[in-house]
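In what follows, a single structure is set out as structure tokens and then discussed.
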Protein chains: 2
Amino acid sequence: MTIQPYRSPSTGCGIRAVLFDTFGTVVDWRTGVARQAAAFAATRGQHLDAEAFADDWRALYQPAMEAIRSGSREFATLDTLHRENLDQVLRHHGFDPDRLDARTLEELNTSWHRLPPWPDSLEGLSAIRRSYIVGPLSNGNTSLLLDMARNAGLPWDVIIGSDMTRTYKPLPKAYLRTAEFLDLKPGAVMLVAAHNNDLHAARDAGLATAFIARPTEYGPGQVADLTPESDWDLSASSITELAGGLGAAEAGCAPSRRTSHHNANAHGKAANAIVNHGLPTSLYPAAASGNAAAPTNGQPSGSAGPSSAGT
Amino acid sequence: MTIQPYRSPSTGCGIRAVLFDTFGTVVDWRTGVARQAAAFAATRGQHLDAEAFADDWRALYQPAMEAIRSGSREFATLDTLHRENLDQVLRHHGFDPDRLDARTLEELNTSWHRLPPWPDSLEGLSAIRRSYIVGPLSNGNTSLLLDMARNAGLPWDVIIGSDMTRTYKPLPKAYLRTAEFLDLKPGAVMLVAAHNNDLHAARDAGLATAFIARPTEYGPGQVADLTPESDWDLSASSITELAGGLGAAEAGCAPSRRTSHHNANAHGKAANAIVNHGLPTSLYPAAASGNAAAPTNGQPSGSAGPSSAGT
């Protein structure tokens, strides 16, 4: 259970908490919202392009938060913003929100509370949780994230909603206040996200970073965020793979046993898709000479950087 | 998994979240702090009355928070207050805090993060969690409660620390802001506590209430809080018994199957120690006539009150 924590090359800190962007990174909002919108339309016998409905609703997300980030509007929860945007999206798709009862609108609005996890999310989060604090670092409000977790079975240790930090990513306060609630230095907190802009902001705020590729988040025609656009501490194609990169895939491994540079993930496959941009191989003098500061079992190549001898 | 939620006689609401006072109600702070203080003294070869040390430290808890509640001091976390009080307690017991290194003091101060659960806590919380949101409603700060949960294995869905509400129980805001983060009416939230004064304040704030007897929280000579001092919605001698009272002890039972007034708890024993003060038997017309509004399987006698037909 006790492993040497992954040491972030970018922050120089041992990681204590691994926090996740949720919409797109942990859960598949497009499929989830489209499925619930389609069911809503079907009960009314109306045609709906459900994926377009989901895309259109999501497209209003950033402008709505921007009013709050810029200070032109007081903080309002994401549930509130979704509800306001819902009226607009319904009209655009041929439904009159004024003719729908409050319960139906509420049910549709809480589609965002009932989103399916990506296939690797539960296994990956459970693996990481054995060695690190896990939680969301999302623009969702606490009750939304709590419902999402209970519905999808996400094994969070803690939920710090945007209504607790009272701000929205990518403002620095969103990351810093979260670290503060955890009583951790920003550098001991890692943000995992499928969105490069989120990671840029997290790194600027002093957090460690990991990219997860979600190439179908926006559907088959996705063009953005297909690859890591910077040298994030870790990059992986799934959360299970990330668990390998964090040395968390093998529960209960002896902390002092040495291993080769190639780490095995929870499936026993070599986690060779993990890219650790932060540390070129030449920076591993310990591993090369095979002395006591070499990476320990369960840790990825490079997770213990030059400063590992001091831990 | 879906059961009719317990309906609080005092609030008239179906309960959605069951929140727990932690120190004394879920974890045994006296034994936990004494054990760690004894270990601290032993490594220094010094004698220490470890139970008295724990009692003395705990005794400074309310006065420290009172300065914040009264507004004479800005909000400070419980970790901070514990740390300030620790110096005083160390001196009283013959240790000079100025001669101890920062790491030792921090280790001792975080004794409160490493407290053993009462024997029934994990099973009871897990049972209740199947049907209700579970979390702490404690004066502890988030990082303290998070460490406590990870160390003891407490299966919280959500942790709303006092640093998120920025106030201390028993001020009404402590209860009301917690319900607000959950997006629930206060009456849909139940506070479970081993302390009658906490329950009085929660009820005054509009919450549902349940008493758990912890007759050795303060050691063998405990004189206060041995019994429920008011007609709380539920009273029980353990959290597993409370799970029975909430209808949460039997997972997966059919929601529409009727049962007798005597509910079985998770151990298969009749949960006859559960006292439901809120609803006299004469208020169960449905159960008496055996119609469809009778209490469903897994629900305690009386959990569905007169208004149950409208749910």
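FYI, it's all coordinate maths here, none of it is from the lab. As the structure is a computational prediction, the values presented were derived from the model and not from experiment. With ideal geometry, Cβ positions are generated from the backbone for all residues, glycine too; neighbour counts draw on all protein chains shown.
Once you order the gyration tensor axes a ≥ b ≥ c over the Cα atoms, which shape class does region A:1-74 get: rounded for a/c under 1.5, otherwise prolate or oblate by comparing a/b with b/c?
oblate
Label-point distances for A:GLY219 to the equivalent site in the other copies, using a point 7 angstrom along Cα→C-beta, read 7.0 nm when ranked shortest first.
Can you tally the net charge around B:THR227? Count Lys and Arg as +1, Asp and Glu as -1, for every other residue whose Cβ sits under 14 Å from the Cβ of B:THR227. Overall, the nearby charge balance is -3. A Stokes-Einstein calculation at 4 °C with viscosity 1.567 mPa s, built on the Kirkwood radius of region B:153-250 over Cα pairs, returns a diffusion coefficient of 90 µm²/s.
A viscosity of 1.306 mPa s and a temperature of 10 °C, combined with the Kirkwood radius over C-alpha pairs in the Stokes-Einstein formula, give region A:29-113 a diffusion coefficient of 120 µm²/s. Placing +1 on the Cβ of every Lys and Arg and -1 on the Cβ of every Asp and Glu, with no other charges, gives region B:29-113 a dipole of roughly 120 debye about its Cα centre. B:ASP183 sits among other residues whose Cβ lies under 10 Å from its own Cβ, and their net charge, with Lys and Arg +1 and Asp and Glu -1, is -2.
Note that region A:52-160 carries a Kirkwood radius of 15.5 Å, evaluated over its alpha carbons pair by pair. Of the GluC sites (Glu not before Pro) in region B:1-90, the ones in a loop by DSSP (not H, G, I, E or B) with at most 16 other beta carbons within 10 Å are B:GLU74.
Assign unit charges at the C-beta atoms only (+1 for Lys and Arg, -1 for Asp and Glu), then state the dipole size of region A:86-245 relative to its Cα centre in Debye, rounded to the nearest 20. If you can, show how the numbers build up before the last one.
Working: 14 positive and 21 negative charges, 58 e Å.
Using Cβ point charges on Lys, Arg, Asp and Glu, region A:86-245 gives about 280 debye.
Taking a sphere under 12 Å around the Cβ of B:ARG166 and counting the other residues whose Cβ falls inside, with K and R at +1 and D and E at -1, yields a net charge of +2. Copy-to-copy label distances for B:THR43, where each label lies 7 Å from Cα along Cα-to-Cβ, are 6.0 nm in order of increasing length. In this calculation the C-beta distance from B:ASP87 to B:GLN62 is compared with R0 = 30 Å, giving a FRET efficiency of 0.95.
Ordering A:TYR61, A:TYR168 by the number of other Cβ atoms within 10 Å of each residue's own Cβ, fewest first, gives A:TYR61, A:TYR168.
Relative to the other identical copies, A:PRO116 shows label-point distances of 4.6 nm, where the label point lies 7 Å from Cα along the Cβ direction and values run shortest first. This ranking places A:VAL223, A:VAL89 by how few other beta-carbon atoms lie within 10 Å of each, fewest first, which gives A:VAL223, A:VAL89. Which of the aspartates and glutamates could be linked to A:LYS185 by a straight reach, that is with a Cα gap under 20 Å, when you skip same-chain ones fewer than 8 residues away? Leaving aside aspartates and glutamates fewer than 8 places away in the same chain, those within reach of A:LYS185 are A:ASP21, A:ASP157, A:ASP198, A:ASP204, A:ASP233, B:ASP79, B:GLU106, B:GLU107, B:ASP147, B:ASP163.
Just need the relative contact order of region A:1-57 here, percent rounded to a whole number, with Cα pairs under 8 Å and 6+ apart. Walk me through the numbers on the way to the answer.
Values: 33 pairs, mean separation 13.0, N = 57.
Computed value for region A:1-57: 23 percent relative contact order.
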